[in-house]
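The values are calculated or read from the model by the stated rules, or taken from the named source; none is laboratory data. All of these numbers come straight from a predicted model, not from anything done at the bench. Cβ sites come from the backbone with ideal geometry, for glycine too, and all protein chains shown count toward neighbours.
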Amino acid sequence: PGWYLQVVALGAVVVGRWLDAGKSCVGGRNWVFNCVLPGSADTLVGVGWRASMEFVSGDGEKRGWYARGNLPHFDAKNTVQMITLRQHDSLPKSVVSQLRLDRIDGMQTPDERRELEQQLDSCHGSCLLGKREVAEVFEEWLFRLHGDHFLLFAYVVMPNHVHLLLEVADEMPLASAMKTLKECSARAINVALGRRGTLWCREYHDRFIRDSNHFHAAVRYIEENPVKAGFVRSVGDWRFGSGWKGWST
């Protein structure tokens with residue numbers, strides 16, 4: 001009782017600097033990462049293929065597929081994740097119902113997921129993250145937790161939501177890492193604005209990265225979000241994201 005068998009197919013270990021050779025990490029930190037991306041061996045950089053079978057405690061740290069609230073989540077070691085955090089007022093209740101975000105199983109169709117992103121980019125709600133001082137506070141906490149709670153590969157801070165590409169530390173549950181990030185940033189943002197109350201939506205969206213192609217597609221998606229939303233003309237012009245041209249100077 002309390003245990004189940006998790007089978008994880010692991011591709012070759014990808015070794016290199018953040019995103020590609022010679023490019024520094026977010027915020028100017030220059031480091032080398034090792035990660036194993038789930039997926040097909042022939043689509044990954046490197047050689048080798050192995051399958052691992054891992055027992056995971058039902059009440060332990062890494063839980064595989066599980067649900068908290070209405071959304072399903074996946075949590076396992078050596079897994080890169082694309083995370084979306086949104087403000088609690090980022091979507092009207094009518095949109096939440098329309099996109100079935102209040103469903104018990106949390107499942108959505110591809111069209112519903114695309115509509116969700118379009119609705120978020122429409123800047124509903126207070127859009128506190130669109131304030132420079134708020135984005136700076138969130139970015140500060142993001143960098144503060146990088147290297148301890150998770151490795152950050154890409155990010156963007158939009159007016160009412162955030163996209164992250166990261167890998168949590170081996171012994172750190174994904175839920176715990178996100179809870180720390182949300183609680184610490186919300187507390188600091190409330191102090192900065194002299195406000196009280198909820199900032200983040202309780203749930204977050206996560207999608208594990210299947211292979212190297214998916215990884216680079218996720219980076220492009222995250223960094224191009226401000227361009228697609230019509231806020232800037234080029235990726236490098238958006239200050240609060242890993243694609244900002246200032247990180248390379």
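Quick notes
- Scanning the stretch 194-202 turns up no residue that is among the aromatic types (Phe, Trp, Tyr) and either assigned to a loop (DSSP other than H, G, I, E, B) or free of Cβ contacts under 8 Å to residues at least 12 places away in the same chain (or both).
- When every residue of the stretch 164-175 is checked against the conditions, at least one turns out to be within 24 Å of Glu112 (Cβ to Cβ), part of a strand (DSSP E or B), touching a residue at least 12 places away in the same chain (Cβ under 8 Å) and under 15 Å from the mean Cα position of the chain (by Cα).
- Filter result (hydrophobic (A, V, I, L, M, F, W, C), buried (at least 20 other Cβ atoms within 10 Å of the Cβ) and farther than 27 Å from Val232 by Cα) within the stretch 152-178: Val168, Leu174, Ala177, Met178
- Condition met for Arg187 (in a loop (DSSP other than H, G, I, E, B) and either modelled with pLDDT of 95 or more or surrounded by fewer than 22 Cβ atoms within 10 Å (Cβ to Cβ) (or both)): no
- Among the residues of the stretch 54-68, none qualifies, meaning not one is more than 24 Å from Lys179 (Cβ to Cβ), modelled with pLDDT of 90 or more and exposed (fewer than 15 other Cβ atoms within 10 Å of the Cβ).
- Screening the candidates Leu129, Leu120, Leu116, Leu142 for the property of being among the hydrophobic types (A, V, I, L, M, F, W, C), within 20 Å of the chain's Cα centre (by Cα), in a helix (DSSP H, G or I) and modelled with pLDDT under 85 yields one hit, Leu116.
- Of the residues making up the stretch 222-249, those that are assigned to a helix (DSSP H, G or I) and free of Cβ contacts under 8 Å to residues at least 60 places away in the same chain are Glu224, Val227, Val235, Gly236, Asp237, Lys245, Gly246.
- All positions within the stretch 196-241 that are among the small types (Gly, Ala, Ser), closer than 18 Å to Asp121 by Cα, over 13 Å from the mean Cα position of the chain (by Cα) and surrounded by 16 or more Cβ atoms within 10 Å (Cβ to Cβ): Ala229
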